[in-house]
Amino acid sequence: MRPVRELGALRAVQCVLARKEEPVSHDPIDLAGANVLLIGTPIWGNGIAPYMRRFLMEAEHLCGMPVVLFATCSRENKRAVDELRRLVREHGGRPYAYEAWHIHTDGPDGLRTAAERSVRAALALLPNGRPTVRCGGTVVHS
C-alpha cells in the first residue's frame, strides 16, 4: 500500500480523532488461497493509522480468515487495539493473536522480536504440512 498523499502531523491527528481513513494506492487485494492474514499498523495517538483503516474497508470479505495483528506504538493502547480487532471482525476476519512493539519499554531491538512472534503466530495457523511463505523475496519454511 502506498498513500495517495502524505499526511502531515495535523492531518494525521485529525484522521485519528475522527476515525477517518485516507486514500491509498495498491495492487488489487486478492486473498484467494490465503489461509491466514498478518496485518501490521502503527498506532497513532489513540487509533490505528488511517491507511490501515482504508485497507480493511477494501479487504472487506475476509470470510472467517484468521488474522494475526501487529502494531508499533509508544505505549499500550487498549482503545486502538480494540478498534483494530473490531474492524477485522466487521469485515469478516477472526482476530487471533496480537503482538505489539512499544518503543519506550521494548527498545529498538524489541521490534524484531515482536515481529518474529507475529510471524510465528501466523505460521502456526497454517494448515498441516510444511508451509512455504514468501517474505520480501525470502522463502521461509516453518
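When Lys and Arg each count +1 and Asp and Glu each count -1, what net charge do the other residues less than 15 Å away from Arg112, Cβ to Cβ, add up to?
Combined, the nearby Lys, Arg, Asp and Glu give -2.
Region 26-99: which trypsin sites (Lys or Arg not before Pro) are DSSP loop and have at most 16 other beta-carbon atoms within 10 angstrom?
Listed in order of number, the matching sites are Arg75.
Using modelled amide H (1.01 Å from N, peptide plane; none on Pro or chain starts), what sits under 5 Å from the amide H of Thr72, excluding residues fewer than 5 places away?
Those qualifying (amide H under 5 Å, at least 5 residues apart or on another chain) are Thr41, Ile43, Trp101.
Here, each number is a calculation from the coordinates, and none is a lab measurement. Computed from a predicted model, the values in this text were never measured in an experiment. For neighbour counting, all protein chains shown are included, and Cβ atoms are generated from backbone atoms with ideal geometry for every residue, glycine included.
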